[in-house]
1. Among TYR266, TYR310, TYR60, which comes first, second and so on when ranked by fewest other beta-carbon atoms within 10 Å?
2. Give the Rg (one decimal place) followed by the Dmax (whole number) of region 104-312, computed from C-alpha coordinates and expressed in Å.
3. Could you work out the local net charge near LEU119, counting Lys and Arg as +1, Asp and Glu as -1, over the other residues with Cβ closer than 11 Å to its Cβ?
4. How far, in degrees from 0 to 90, does helix 248-264 lean away from the longest principal axis of the Cα atoms of the chain, to the nearest 10?
5. Report the calculated FRET efficiency for ALA261 and ALA121 (r = Cβ-Cβ distance, R0 = 51 Å), to the nearest 0.05.
6. Would you grab the residues whose amide H sits under 5 Å from the one on LEU17? Only those 5+ places off in sequence or on another chain, please, with H modelled 1.01 Å from N.
7. Please report, in cubic angstrom per residue, the volume enclosed by the convex hull of the alpha-carbon atoms of region 154-224.
8. Please give the helix 179-188 orientation as an angle from the longest Cα principal axis of the chain, in degrees from 0 to 90, rounded to the nearest 10.
Amino acid sequence: MPSNSELEIAEVQTFRLRGFTLLRIKTRSGIEGHGECGAAAPEDLAFARTQMAGKPATAYEVIGQSLAARPALRAAADMALLDIIGKAAKAPVYQVLGGPTRFKVRALASLEGDSDQALAASLRRAEAAGFRCHVVPLPPARARSQAFVEATTRRLESLRQAGSADTNFVLDGAGQLPPAAAASLCAALERFHLLWFDEPCRWTDPRAVARLAAENVTPVGFGRHIGDCGVFQDLLRESAIDVLRPDIRMHGISQIRRLAAIAETYYVAVAPYHDGGSIGTAAGLHLAASLPNSFAVQMPAAATTVKDGYAELPRGPGLGVVVDREFIEKHKEQRS
């Protein structure tokens, strides 16, 4: 293992790619680590450089606290610094974090399409790629109407027929429904045995969400739009959440591990959300492998190899992802 002086941060760069920002951190000894986040402003990068320059990569928790006001870069830096530590230790990140608690991770893919037919085609593509768990969007209809309930039922019926025998679904409410409408829909969909109903309504009223969770058999998940960790604590305290859904590009590996430790005391499972690139996907797999209460990881269908619904753990040191410099140079929109 190199010394702390050899692991001092010497260079910090970002590359704006299609849909996300790639962060590269390089140490004095030449070890590089990568992370990813959403959009990052030039002033955020300048601030991050001042906070990280000269510090050892092993100080990732201290660096994370110093970047708390820039949560996107904090999450990316957390991935990149753990990537460096794993490479220096010649071990996967999940081993650095005390894992693995499992050797494969349930993979969750989002279905895409504006109609039931398009969603069925998306499901068949995802299942051909190895996925068996799918996130299904709500149909476009008035939330309080019986027609909306019937349209949602038809959508799930058609997808169940299009999928394999072991296909499972998560219904994505995107926070669109009033709590009462979400409760009615939960009751109508019990026979589908959804893995959970994701963001059935807005989470801003924890007590209303708690009633929804308590009065229905279908589990509910919240978190992919929540940046304040205190909100997660409020939802857990109110027994308003069955599946914790933090966005890995918003929170990073270390912060989600802290949230998962709190969730475990409430017997709540963790299923991180991710819709970016391969770095974030790898980070999600390492995170899941280090958590005893991990349930699934959402990821883009083309981001990793999935077999029979599960993704294998990365085997290389660090995050286990080899970054293609030529690809970055060819596809970058902006470099800082």
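Values quoted throughout were computed directly from the atomic coordinates according to the rules given, and no laboratory measurement underlies them. Computed from a prediction, not measured in an experiment: that's the story for all the values here. Positions of Cβ are generated from backbone atoms using ideal geometry, with glycine treated the same way; all protein chains shown enter the neighbour counts.
1. TYR266, TYR310, TYR60
2. Looking at region 104-312, its Cα Rg and Dmax stand at 16.1, 44 Å.
3. Overall, the nearby charge balance is 0.
4. Computed tilt is about 70 degrees.
5. In this case the efficiency is close to 0.80.
6. HN-HN under 5 Å from LEU17: LEU22, GLU333.
7. Taking only Cα atoms, region 154-224 has a hull volume of 88 Å³ per residue.
8. The answer is roughly 70 degrees.
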